[in-house]
Amino acid sequence: MAEIRVATKLPQAPRQAAKVYRLKAPSVTERSIRELAKGLGMSIESRRIRLSADEDKLVLTSGTYELRMYRASGGFRFVDHSRWQIDDLQTDIDISDATAQRMAQASLKRLGLGTASGEARFLKAARLHMGSSTTEGREASDRVIDVAVAFQRMVDKVPVDGPGGKLVVYLDHLGHPTCVERVWRQLGSARSVGAGWRTPQEALQEMSEHLRAKRGNVVVDEVRFGYFEEGPRSAQSLLQPAYVIKGVIGDSDSRVRRKLIYVARALANAKTPLTPPLARQKKQRSRPSPTR
Amino acid sequence: MSIHVSVRVGVEWINNFHEGNCQQNELSYCDDQVEGFYNTMGDNDHVKVFDWGNDNAWETDFRHPDFGGDSLNWSDNVHFCMVCDHGGNADNIASFYFSAMHDACSVPTTQMRLGAKQLKWFATLGCDAVQNTDANHIAAVWGGPMQGVHIVCGYIGTSADSWWTADLGEDFADDICDGDSIAGAWVSDAYSFWTGDDSIAIAAGADQNEAIRRRDHENLDWRDSNVSQTNWLAWKYRT
């Protein structure tokens, strides 16, 4: 069984009444993607437009623009392929996080994706760098060609954690958006849950049971509390509170280690784990002798 | 845009490490990540050549014959090879760790000659493809081992082993089979605001223009556009 060591102060279990939200089933149809495209200002000339679909998503393209909408979540990505991640070999963006945040908010407002006060908070600005050098490291260059500004969803003043619950806008050197991504499922009715909360210690115990068949050391360096929203390809019917446990597989001073992220239930009466149990070890066919 | 060539694919992964010489802390989702890639590539009519996991994954599959390895029959006998295991990096040498001693428990990049035969794209999902983004470091780690391979994809520092990133390989394969550029799709799919994973893709070229062109535009259709010499590297990363 994995040895788990906690190297951080654990948060308090919340004091307010636990609340769970039903999530509305997303409407991802030809009509809804066209309406979204129109709202985003995507030119919809029937001559140039192309709609394709697979089991995961609908994709609407028009010229260099592409709008991808995921069936499971209603999440989308709207990108201008002529500008997103495209390097003109000159751009070098040097703006602060605060400036990037302001530019991103203005862009989102223009696209009709602005959030009300208290609905979202600034999460991070991440920069796309382009570098080159000779294989000896000479003539090195490094430039920033876009800044991706991520906003994190808030519900009842509680952050929404996880791969979803985010609105990201990618800005070019002029501060214009080249891509927007959103995974932000629509809230339905809320219900209070009387049974209360699990403690962070119980969440760690859940992770320990999850890893019971694994050998090694895990050092927990952060435990966060929030609502948990999944990524764009996952179906999700409830928005419920969770503990997000982050740590390192291996010792903190080890050269060989990886990050670990585990999501544990925060509600005392939640029956199904948010992180599915580990699959059984697969049997493999025996490998033939080397050909050397 | 669709892809017009067929690509040979091989993957290796290790979740379970034993007590003994090759002992490491165990992982959980390496199989999901690389087999998602492998199967999605297969679903898009590319050729699934090998999928070796746990004790079937050997360091000799990556070590060049000049150093006693067998890479020309495995990692360098496919166009696209993806590996997920523990990685480490010290003194500008990246290493990949294996659970079975065959012949050793790890292989350093100094004993790899990526692209010597057929390999065009190499993705490593473990930690520390590079430790930082200093040009001298990136060039020192990968300038030598990139011997014909077009693009190497990996992480800056540590990467997450998590159920919540287990779909990475599938997503990446989906994107590149749609015609997206390989470096762009990797940096976009592997970067995560949530897990804190920072992604990097490094392209090779005989000169700066070629390396930049590959970094910015190369997709699977560039399979037969060989790198004649690796004199320059061009990379992109998000952090």
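Of the residues making up region A:38-77, those that are basic (K, R), within 19 Å of A:P177 (Cα to Cα) and either touching a residue at least 60 places away in the same chain (Cβ under 8 Å) or in contact with a Phe, Trp or Tyr (Cβ under 9 Å, 6 or more places away or on another chain) (or both) are A:R68, A:R77.
Screening region A:11-26 for residues that are at pLDDT 95 or above and part of a loop (DSSP other than H, G, I, E, B) and picking the one that is surrounded by the most Cβ atoms within 10 Å (Cβ to Cβ) gives A:P26. Of the helices (runs of 4 or more DSSP H) that lie entirely inside region B:121-228, those containing 2 or more residues that are touching a Gly at 6+ places or on another chain (Cβ under 7 Å) and under 24 Å from A:G137 (Cβ atoms) span B:135-142, B:208-217. Note on region B:49-74: residues that are in contact with a helix residue (DSSP H, G or I) (Cβ under 6 Å, 6 or more places away or on another chain), part of a helix (DSSP H, G or I) and within 25 Å of B:G36 (Cβ to Cβ) total 1. The sole residue among A:R285, A:R255 that is among the charged types (D, E, K, R), surrounded by fewer than 18 Cβ atoms within 10 Å (Cβ to Cβ), within 20 Å of B:D31 (Cα to Cα) and over 20 Å from the mean Cα position of the chain (by Cα) is A:R285.
Would you tally the residues in region A:146-159 being crowded, with 22+ Cβ neighbours inside 10 Å and either of a type in the set (V, I, T) or within 18 Å of A:Y227 (Cβ to Cβ) (or both)? Give the derivation first.
Our first condition is that a residue be crowded, with 22+ Cβ neighbours inside 10 Å; within region A:146-159, this holds for A:146-149, A:151, A:153.
Within this subset, residues satisfying the condition of being either of a type in the set (V, I, T) or within 18 Å of A:Y227 (Cβ to Cβ) (or both) are A:147, A:149, A:151, A:153.
The total comes to 4.
Among residues of region A:253-281 that are more than 7 Å from chain B (Cβ to nearest Cβ) and without any contact (Cβ under 8 Å) to a residue 24 or more places away in the chain, those with a beta-carbon under 9 Å from a residue that is outside any strand (DSSP E or B) and among the hydroxyl-bearing types (S, T, Y) at least six positions away or on a different chain give the pairs A:A279/B:S28.
Can you find a residue that is touching a Pro at 6+ places or on another chain (Cβ under 9 Å) and at the interface with chain A (Cβ under 10 Å from one of its Cβ atoms) anywhere in region B:214-225? Looking for residues that are touching a Pro at 6+ places or on another chain (Cβ under 9 Å) and at the interface with chain A (Cβ under 10 Å from one of its Cβ atoms), one finds none in region B:214-225, hence no. Looking only at region A:126-147, which residues are over 14 Å from A:D88 (Cα atoms), facing chain B (nearest Cβ under 7 Å) and either outside any strand (DSSP E or B) or not hydroxyl-bearing (S, T, Y) (or both)? Of everything in region A:126-147, those that are over 14 Å from A:D88 (Cα atoms), facing chain B (nearest Cβ under 7 Å) and either outside any strand (DSSP E or B) or not hydroxyl-bearing (S, T, Y) (or both) turn out to be A:A126, A:R127, A:T135, A:E136, A:G137, A:A140.
Here A:T199 meets each of (1) of a type in the set (V, I, T); (2) touching a strand residue (DSSP E or B) at 6+ places or on another chain (Cβ under 8 Å); (3) more than 14 Å from chain B (Cβ to nearest Cβ) with one exception, condition (2). Please go through (1) touching a residue at least 12 places away in the same chain (Cβ under 8 Å); (2) surrounded by fewer than 19 Cβ atoms within 10 Å (Cβ to Cβ); (3) not in a loop (DSSP other than H, G, I, E, B) for A:E35 and return the number of the only condition it doesn't satisfy. If we test A:E35 against (1) touching a residue at least 12 places away in the same chain (Cβ under 8 Å); (2) surrounded by fewer than 19 Cβ atoms within 10 Å (Cβ to Cβ); (3) not in a loop (DSSP other than H, G, I, E, B), just (1) comes out false.
The values are calculated or read from the model by the stated rules, or taken from the named source; none is laboratory data. Note that the structure is a prediction, hence the values are computed from the model and not measured. Here Cβ is always computed from backbone atoms with ideal geometry, including for glycine, and neighbour counts include all displayed protein chains.
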